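Here is the structure we will look at.
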Amino acid sequence: MRMLIAGFQKTSFVDYPGQPCAVVFTPYCNMNCVYCHNAHIIKHDAPLIPEEPVLEYLEKRAGLLSAVVISGGEPTLQQNLEAFILRVKTFGYKVKLDTNGTKPQVLLTLLGKNLLDYIAMDVKAPEEKYDVIANSSVDMDSIRRSITVIRNSGIPHEFRMTYAPQLTQEDALETARMVRGCDRFYLQQYRPRNEQDPLAHSPAEVLKTGEAIAREIGNCTVRGLGPEQ
Ligand code: SF4
């Protein structure tokens, strides 16, 4: 059985810390975030690309690339995620998984089989605003469980939060407190998708919030800052 793939980036130098990698995008998501830039692949009718040419490419590039990032959409919704990772591992790649944290059991299973080398989980908002930012009904028990699983995984990991305009600095701090003790926390600048979307927090505000988070939980890196608006 094949894993469904909606997109493939052959080379990236930014998606796996310190490693040249390829990025595989799986279709579908169980959230519908207010800022999602992957709307074209989270829909049920997302166009798919065949798995075999992707695997053939990865097999040929083994040694030149050292990692494969599986992103989405939400990869943990894919029934054949494990089989895909097993194939990729036979080529010698490290594997990073990007997730929204809604499927802790999938994370536990993959970690239990030593199939992951890095995990990046999005944290969207403080608990009371999670549904608003995810634009869907989110099971917070699953989110909390994933955070615990990842923090205790013993593998490199990061949590990242997009600083949506609907969130205040206190919201960002409360979100960061949920993952206190993590390896790395990234605060990402929000990017409007169109002219109707609300404006982003200014770069100065994002930096100030990043500093407040670093004081609160011990680490925070700001990324994605554009010019002052
Ligand atoms: S979790 Fe990620 S892929 Fe899913 S809707 Fe939100 S931003 Fe998009």
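Nothing in this text is a laboratory measurement; each read-out follows from the coordinates by a stated rule. Since we're looking at a predicted model, the values are computed, not measured. Here the Cβ is made from the backbone with ideal geometry for all residues, glycine too, and neighbour counts use every protein chain on show.
The table for this structure:
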quantity	calculated
Net charge dipole size for the chain [Lys, Arg +1 and Asp, Glu -1 on Cβ; Debye, nearest 20]	680
Per-residue Cβ neighbour rank within 10 angstrom, fewest leading, LYS124, LYS208, LYS129	LYS208, LYS129, LYS124
Where no second cysteine Cβ lies under 4.7 Å, the cysteines concerned in the chain	CYS21, CYS29, CYS182, CYS220
Cα-centre dipole for segment 161-229 with unit charges at Cβ (Lys and Arg positive, Asp and Glu negative), debye to 20	260
Positive-end residue of GLY7, LEU115, ALA39, charge dipole of the chain with Cβ unit charges	LEU115
Three-way shape label, the chain, alpha-carbon gyration tensor, a/c 1.5	prolate
Nearest 10 degrees, 0 to 90: helix 203-217 Cα axis against the chain principal axis	80
Using alpha-carbon coordinates, inclination of helix 51-61 to the longest axis of the chain, degrees	90
Pairs of alpha carbons in segment 161-229 whose separation is greater than 17 Å (percent)	36
Positive-end residue of LEU97, ALA62, PHE84, charge dipole of segment 62-107 with Cβ unit charges	ALA62
GNM result for the chain, Cα springs below 10 Å: residue of TYR118, TYR130, TYR57 fluctuating most strongly	TYR57
Cross-link reach list, lysines versus LYS129, counting only Cα pairs under 23 Å and skipping chain neighbours closer than eight places	LYS103, LYS208
Residue-averaged 222 nm ellipticity for the chain, from DSSP H runs of 4+ at -39500 (n - 2.57), nearest 500	-9500 deg cm²/dmol
Prolate/oblate/rounded label for segment 5-77 (Cα gyration tensor, a/c 1.5)	oblate
Antiparallel content of DSSP bridges confined to the chain, in %, to 5	15
Rounded, prolate or oblate (a/c below 1.5 giving rounded, otherwise prolate when a/b exceeds b/c) for segment 1-40 by Cα gyration tensor	oblate
GNM result for the chain, Cα springs below 10 Å: residue of ASN80, ASN114, ASN100 fluctuating most strongly	ASN114
